[in-house]
Amino acid sequence: QVQLVESGGGLVQAGASLRLSCAASGHTFGSYAMGWFRQAPGKERELVAGRIWSLGSTYYADSVKGRFSISRDSANNTVYLQMNSLKPEDTAKYYCAARRGTVIPTSTTAWNYWGQGTQVTVSS
């Protein structure tokens, strides 16, 4: 059973940085795609970053390209989302997700496992 636990959210000012962590258990990164989604109040959950390390595939939403980066620490089975130059529009609950497969789909229904989410609030 795959379990995902996010941490690292908080309240920051615009322009600041945050690093979110997703501690994974029950699988190894080599066989799964890992993704970070976010959901703001009244909006749909959207994929902001995804990666399949075994294939070298990476996805970033246009709104975060150049500011966010997804990485991993295999020894600790942890995936990170480094968020720089944060903007008020980045305010959302951020979720870690995992799926077995060779693509990084943007649809939430294509992902099998989810964490509980961590709140990120960016003040102007």
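Summary table
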{"read-out": "Loop sites in the range 44-124: GluC sites (Glu not before Pro), DSSP, at most 11 other Cβ within 10 Å", "value": "GLU44"}
{"read-out": "Probe 1.4 Å, protein heavy atoms only - accessible area per residue of the range 44-84 in square angstrom", "value": "50"}
{"read-out": "Charge dipole magnitude, Cβ of K and R +1, D and E -1 - the chain, Cα centre, debye nearest 20", "value": "100"}
{"read-out": "Length-normalised contact order for the chain - Cα pairs under 8 Å, 6+ apart - percent", "value": "36"}
{"read-out": "Within the accessible area of the chain (1.4 Å probe), percent carbon and sulfur", "value": "45"}
{"read-out": "Computed accessible area, LYS93, all protein chains, 1.4 angstrom probe, square angstrom", "value": "70"}
{"read-out": "Model label zone, LYS87; criterion: amide N under 14 Å from point 7 Å along Cα-to-beta-carbon; scope the range 1-45", "value": "14-16"}
{"read-out": "List VAL64, VAL103, ordered by accessible area with a 1.4 Å probe, largest first", "value": "VAL103, VAL64"}
{"read-out": "Residue-level accessible surface for MET34, protein heavy atoms, 1.4 Å, Å²", "value": "0"}
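The values are calculated or read from the model by the stated rules, or taken from the named source; none is laboratory data. What you see is a predicted model; the values in this text were computed from it and never measured. Glycine gets a Cβ as well: all are built from the backbone with ideal geometry, and neighbour counts include every protein chain shown. Just the protein is used for accessible areas: all its heavy atoms, side chains included, with ligands, DNA and RNA removed. Shrake-Rupley method; radii C 1.70, N 1.55, O 1.52, S 1.80 Å.
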